[in-house]
Amino acid sequence: MPEDSAVLVDGLTKRFGRVHALNGLDLEVHTGEVHGFLGPNGAGKTTALRIMLGLLHGDEGRVEVLGGHPFRDAVALHRRLAYVPGDVTLWPTLSGGEAIDLLGRLRGGLDPRRRAELVDRFDFDPAKKGSTYSKGNRQKAALIAALSSGVELLLLDEPTAGLDPLMEAVFRECILEERRAGRTILLSSHLLAEVEALCDRVTIIRDGRAVESGTLAQLRHLTRTSVTADLSSVPDSLGGLPGVHDLTVTGTRVGMEVDAEHLAAVLRVLTGAGLLGLTCQPPTLEQLFLRHYQTTAS
Amino acid sequence: MNRAMTGTGVLLLLALRRDRVAAPFWVLAVVALPVGTASAIAELYPDASQRLALGMTIMSNPALRALTGPVYDAASVGGLTAWRATNVAAVLAALMSAFLVVRHTRAEEESGRAELIGAAPVGRYALPTAAVLMSLLTNLVIAVLLTAGLMGQGLPVAGSLALAGAVAGVGLVFTGVAAVAAQVTTSARAANSIAVSVLGVFFLVRAAGDAAAVDAVSWLSPVGWAQRVRAFAGERWWLVALFAVVALVLLVGADLLARRRDLGGGLLAERRGRAVAAPWLRSPLALAWRLQRGPLATWAVAFAAVGAVFGSLAASVGDLVGGNEQIAAMLARLGGADALIDNFFAAQFHLFALVIGGYAVQAALRPRAEEIAGRAEPVLAAAVPRGRWLLGHVACSLAGSALILTVVGLAAGFAHGLRVGEPVRQAVRLLGAALAQVPAVWVSAAIAVLLFGFLPRAVAAAWAFLLVFAVLDLFGQLFQLDETVRMLSPYAHVPALPGGEPAAGPFVWLFLVAALVIGAGVAGFMRRDLAAD
Ligand SMILES: Nc1ncnc2c1ncn2[C@@H]1O[C@H](COP(=O)(O)OP(=O)(O)O)[C@@H](O)[C@H]1O
Ligand SMILES: [Mg+2]
């Protein structure tokens, strides 16, 4: 396995009875990157993370985490990684602070200064009993335990569900700090804005299979740019150009979606047609995402 | 019906649907026990003279009286059935009702499902009302089926109705107890423990009163009233009505409490905890201990009290015979008053061991509760070997049950010793007798671990095993079951101590069985998938 892969998943399948949760998932997380693991509910994100943690067994395929086998090497690996589950439950009779310390110690210790700092930044009350926290506060407890552990790899399963916008901003700061400190982060999410703001690379998963993977720039490259132009005259050939989709003409204003590799040629035609005004919009992840789901749904 | 009750009907249907397996199982158990007893007694003791002889044995055996209460009419099949089955059936009905009410109220709120329902057009009190109605309905079904079942055995209508009324009546009272408990606590676990503790105290009060033949003490306990309905022996109908009155008072109390609190909140306020964990809280065993020490302390204190009460009663056991010459003669044959006392302790310790088996099973199933709640996941995602996590909880179960047996043995021995003037000697002697039960209790826990390792969805079967052991031990002789069948219970292999011959053989192999079964359970858990919620 190459030195620079923190997580390597190859052709992973997992079935629960008749449900195929994973159908040959491929995923590679490079060391030192923030990797977005994007997919709608039920896509198989949590199942994949649980297999990486050795909590579930995959049926077929290969999984390596930090160069080790997730099940056989579980204890050694878990000293080097931290996990924040999607739905955090705390012990009703333990305080949040006790849960944070316990989880940190079970992993091999946590940095008390970082813990105190995070408790403060997340505005977390560590002396309340576990049964009295809201979902967002339970999430914070798990995040504080993971972020103050100083491990190499963070596996975060939809960690911001339940956080208010203020806390989400704190979370983003923390993730960027962790990346600067050289940690690898796998961030599962169904929030496009979050992945766009934080991740170096993204893997999009649907029905237990990776449908797209790469840097945001690469993924954009695969997709269409929205182009709106004001022309002195609209050439008839426009609709027939390769790579042009969804052409709309209103007077001398044209709107279209253009495949990235044909963008240069289309712009040349537009310039030749007396270009008066031009707006180009790179696709948002949102569009990219919707396209994937629409094409396969139809 | 006002707006706060809107949706009760829908919720009741939902409860019926969710309980379509559990409720019939409980109903069957509560009904089958008395009906089966009636049938067995009619078959095994067909003559009135045989039945009177049995009644004589009962009267001379305080251990039996502690378990089952007094017999009011030994001459009739119905009278003996009421003596043998009323208490156990009433306890089962109480447990069923309490668990049912908590399951459909506090557990719902805790899981957040109640919030979902609360957001739908459903009134504030619909959830508890539906839970109580569900319990009332189930107890009504029990009463009807039990009456019909006993009449089917050829027993008189009035007695059948009275026995059924007594059993369902205790069920009603505990419907009320659980409804109150669900209002004052914030967790289903706490609400269940309150209800079970109340039942335990009532059972103990009755058992102490009946064993010592102090009727006034037994009258303090609704569990004691059940037998005092005197089914088949001059029924006291007003007592059946008393159950309904007490239940109604409790339900009104629960309703008043419900008006004073928010959804999810409880009346017993949560205390603040520590902001930083204690230094020792750093291993899976430490976590298991932290989670289990509270319930263990409760059990230990309760059994210290139980031991003290029964220990201080034991010396009176010989006096009970009173002026009855027939019984006195039988007693002499059995070896005199000392033998009778030993017999009393041996029978009590056997009974305690079955109950403490309940603690051991519950503690051994704690990992399953942690797994389902999603609290096992973060721990096993840390650097914690699966085996160590599981064995931490198993250790609490094994050591905890041994501790409870130690406490009950010492308390009983010391209390009895004070009366006979040798506290230390009796404490040591009865400690040994109580500890003899340890391996059988551990086998119960081991079964739970095995199920957890291989059939995690079926862990409730560990309770079924314990129930079967209890039925074999408590009813095996009466039903004249085959020796090999009765020996299926691990508790049957423990020699009767004090008094009996201590033998090493059963201990060695009961320990071995427990160790092997636990080992297999751990091995199964090492391999399997962790449940995803
Ligand atoms: N323990 C389980 N038993 C049965 N089906 C499951 C189980 N866990 C997950 N699934 C199913 O597998 C699929 C993937 O689920 P999950 O990994 O939780 O998706 P995500 O985290 O992306 O929302 C879903 O269809 C889900 O219903
Ligand atoms: Mg998920």
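The values are calculated or read from the model by the stated rules, or taken from the named source; none is laboratory data. Only a predicted model underlies this, so the values are computations on that prediction, with no experimental measurement involved. Here the Cβ positions follow ideal geometry from the backbone for every residue, glycine too, while neighbour counts run over all protein chains shown. For the accessible areas, the whole protein counts, side chains as well, though only heavy atoms, and no ligand, DNA or RNA atoms are used. Shrake-Rupley method; radii C 1.70, N 1.55, O 1.52, S 1.80 Å.
Listed here are the strands (runs of 3 or more DSSP E) enclosed by region A:34-144 that have at least 1 residues being within 8 Å of chain B (Cβ to nearest Cβ): A:81-84.
Residues in region A:178-212 that are open to solvent by 10 Å² or more (accessible area, probe 1.4 Å), in contact (Cβ under 8 Å) with a residue 60 or more places away in the chain and within 16 Å of ligand 1 (Cβ to nearest atom): A:HIS190, A:LEU192, A:ARG206, A:ASP207, A:ARG209, A:ALA210, A:VAL211, A:GLU212. Restricting the search to helices (runs of 4 or more DSSP H) fully inside region B:192-260 and requiring at least 1 residues that are closer than 30 Å to B:ALA315 by Cβ gives B:215-218, B:222-228. Selection over region A:86-103 of residues that are over 21 Å from A:LEU25 (Cβ atoms) and within 16 Å of ligand 2 (Cβ to nearest atom) gives a count of 3.
In this structure, is B:PHE465 in a helix (DSSP H, G or I) and either within 16 Å of B:LEU351 (Cα to Cα) or among the aromatic types (Phe, Trp, Tyr) (or both)?
On the way: in a helix (DSSP H, G or I): yes; either within 16 Å of B:LEU351 (Cα to Cα) or among the aromatic types (Phe, Trp, Tyr) (or both): yes.
Yes.
Could you please find all residues in region A:155-165 being open to solvent by 20 Å² or more (accessible area, probe 1.4 Å) and either touching a Ser or Thr at 6+ places or on another chain (Cβ under 6 Å) or within 16 Å of ligand 1 (Cβ to nearest atom) (or both)? Those that are open to solvent by 20 Å² or more (accessible area, probe 1.4 Å) and either touching a Ser or Thr at 6+ places or on another chain (Cβ under 6 Å) or within 16 Å of ligand 1 (Cβ to nearest atom) (or both): A:GLU158, A:ALA161, A:GLY162.
Please indicate, with yes or no, whether at least one residue in region B:358-366 is closer than 20 Å to A:ALA74 by Cβ, within 14 Å of chain A (Cβ to nearest Cβ) and at pLDDT 90 or above. No, region B:358-366 has no match at all. Of all residues in region A:242-290, those that are of a type in the set (Asp, Glu) and part of a strand (DSSP E or B) total 3. Of everything in region A:1-18 that is part of a strand (DSSP E or B) and within 13 Å of ligand 1 (Cβ to nearest atom), the residue that is surrounded by the most Cβ atoms within 10 Å (Cβ to Cβ) is A:LEU12. One residue alone among A:GLU152, A:GLU168 is among the acidic types (Asp, Glu), assigned by TED's automatic domain parsing to the domain that holds A:LEU94, surrounded by fewer than 22 Cβ atoms within 10 Å (Cβ to Cβ) and more than 25 Å from A:LEU8 (Cα to Cα), and that residue is A:GLU168. Filtered by the rule that a residue be more than 30 Å from A:ARG15 (Cβ to Cβ) and loosely packed, with under 14 Cβ neighbours inside 10 Å, region B:516-533 gives a lone residue, B:LEU516.
Checking each residue in region B:272-308 for being open to solvent by 50 Å² or more (accessible area, probe 1.4 Å), β-branched (Val, Ile, Thr) and part of a helix (DSSP H, G or I) picks out B:THR298, B:VAL301. If only residues of region A:41-85 that are within 16 Å of ligand 2 (Cβ to nearest atom) and among the β-branched types (Val, Ile, Thr) are counted, the one that is most open to solvent (accessible area, probe 1.4 Å) is A:THR46. For region B:149-165, a residue qualifies if it is within 17 Å of B:LEU28 (Cα to Cα) and in contact (Cβ under 8 Å) with a residue 12 or more places away in the chain, and the qualifying residues are B:GLY149, B:LEU150, B:GLY152, B:GLN153, B:SER160, B:LEU163, B:ALA164, B:GLY165.
Out of the residues in region B:48-96 that are hydroxyl-bearing (Ser, Thr, Tyr) and over 17 Å from B:PRO34 (Cβ atoms), state the one that is modelled with the lowest pLDDT.
As a first pass, look at region B:48-96 and keep what is hydroxyl-bearing (Ser, Thr, Tyr): B:49, B:57, B:60, B:68, B:72, B:76, B:81, B:86.
Going one step further and asking which of them are over 17 Å from B:PRO34 (Cβ atoms), we end up with B:49, B:57, B:60.
Working: B:SER49: 90, B:THR57: 77, B:SER60: 71.
So the residue we want is B:SER60.
Of the numbered criteria (1) more than 17 Å from A:LEU154 (Cβ to Cβ); (2) free of Cβ contacts under 8 Å to residues at least 12 places away in the same chain, the one A:PHE71 fails is (2).
Condition check for A:ALA161 on (1) without any contact (Cβ under 8 Å) to a residue 40 or more places away in the chain; (2) more than 7 Å from chain B (Cβ to nearest Cβ); (3) of a type in the set (Gly, Ala, Ser); (4) not in a helix (DSSP H, G or I): one failure, at (1).
Taking into account only those residues within region B:490-533 that are of a type in the set (Asp, Glu) and within 14 Å of another protein chain (Cβ to nearest Cβ), which is farthest from A:VAL75 (Cα to Cα)? Outline the logic, then answer.
Of the residues in region B:490-533, the ones of a type in the set (Asp, Glu) are B:501, B:529, B:533.
Among the residues that remain, those that are also within 14 Å of another protein chain (Cβ to nearest Cβ) are: B:529, B:533.
Numbers: B:ASP529: 16, B:ASP533: 23 Å.
Only one residue tops the list, namely B:ASP533.
Figure legend. Inter-residue proximity from region A:45-67: first residues in the same structural domain as A:ARG206 (by TED's automatic domain parsing) and of a type in the set (Val, Ile, Thr), second residues within 13 Å of ligand 1 (Cβ to nearest atom) and open to solvent by 40 Å² or more (accessible area, probe 1.4 Å), beta-carbon distance below 8 Å, spacing 6+ or different chains. Indicated pairs: A:THR46/B:ALA532; A:THR47/B:ALA532; A:ILE51/A:HIS57.
For every residue, the table says whether it meets (1) within 25 Å of A:ALA21 (Cα to Cα); (2) in contact with a Phe, Trp or Tyr (Cβ under 8 Å, 6 or more places away or on another chain).
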| site | (1), (2) |
| --- | --- |
| A:SER148 | no, no |
| A:LEU155 | yes, yes |
| A:THR160 | yes, yes |
| A:ASP164 | no, no |
| A:MET167 | no, yes |
| A:GLU178 | no, no |
| A:ILE185 | yes, no |
| A:LEU198 | no, no |
| A:ARG201 | yes, no |
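Any residue that is among the aromatic types (Phe, Trp, Tyr), on the phi < 0 side of the Ramachandran plot and open to solvent by 70 Å² or more (accessible area, probe 1.4 Å) - is there at least one of those in region B:25-41? Quick ask: steps written out before the conclusion?
In the first step, residues of region B:25-41 are kept if they are among the aromatic types (Phe, Trp, Tyr); the result is B:25-26.
Keeping just the survivors that are on the phi < 0 side of the Ramachandran plot gives B:25-26.
Filter again for open to solvent by 70 Å² or more (accessible area, probe 1.4 Å), leaving B:25.
Yes: one or more hits.
For region B:382-393, state whether one or more residues are away from chain A (no Cβ under 14 Å), in contact with a helix residue (DSSP H, G or I) (Cβ under 7 Å, 6 or more places away or on another chain) and open to solvent by 10 Å² or more (accessible area, probe 1.4 Å). Yes, some residue in region B:382-393 is away from chain A (no Cβ under 14 Å), in contact with a helix residue (DSSP H, G or I) (Cβ under 7 Å, 6 or more places away or on another chain) and open to solvent by 10 Å² or more (accessible area, probe 1.4 Å).
Go through region A:19-36 and give me each residue that's within 9 Å of ligand 1 (Cβ to nearest atom) and open to solvent by less than 10 Å² (accessible area, probe 1.4 Å).
Residues of region A:19-36 that are within 9 Å of ligand 1 (Cβ to nearest atom), as a first pass: A:19-22.
Within region A:19-36, A:LEU22 is the sole residue that qualifies.
Specify the residue that is nearest to B:VAL468 (Cα to Cα); the eligible residues are those in region B:487-518 that are part of a helix (DSSP H, G or I) and among the small types (Gly, Ala, Ser).
We begin by selecting, within region B:487-518, every residue part of a helix (DSSP H, G or I); these are B:490-493, B:504-518.
Filter again for among the small types (Gly, Ala, Ser), leaving B:492, B:504-505, B:514-515.
On the way: B:ALA492: 12, B:ALA504: 25, B:GLY505: 24, B:ALA514: 18, B:ALA515: 21 Å.
Among those residues, the one meeting the criterion is B:ALA492.
Mind listing just one residue for me: the one in region A:8-33 that is free of Cβ contacts under 8 Å to residues at least 40 places away in the same chain and more than 16 Å from ligand 2 (Cβ to nearest atom) and, of those, nearest to the other protein chains (Cβ to nearest Cβ)?
Step one: of region A:8-33, the residues free of Cβ contacts under 8 Å to residues at least 40 places away in the same chain are A:16-19.
The next check asks that each one be more than 16 Å from ligand 2 (Cβ to nearest atom); those that pass are A:17-18.
Values: A:GLY17: 12, A:ARG18: 16 Å.
So, considering only residues that are free of Cβ contacts under 8 Å to residues at least 40 places away in the same chain and more than 16 Å from ligand 2 (Cβ to nearest atom), the one nearest to the other protein chains (Cβ to nearest Cβ) is A:GLY17.
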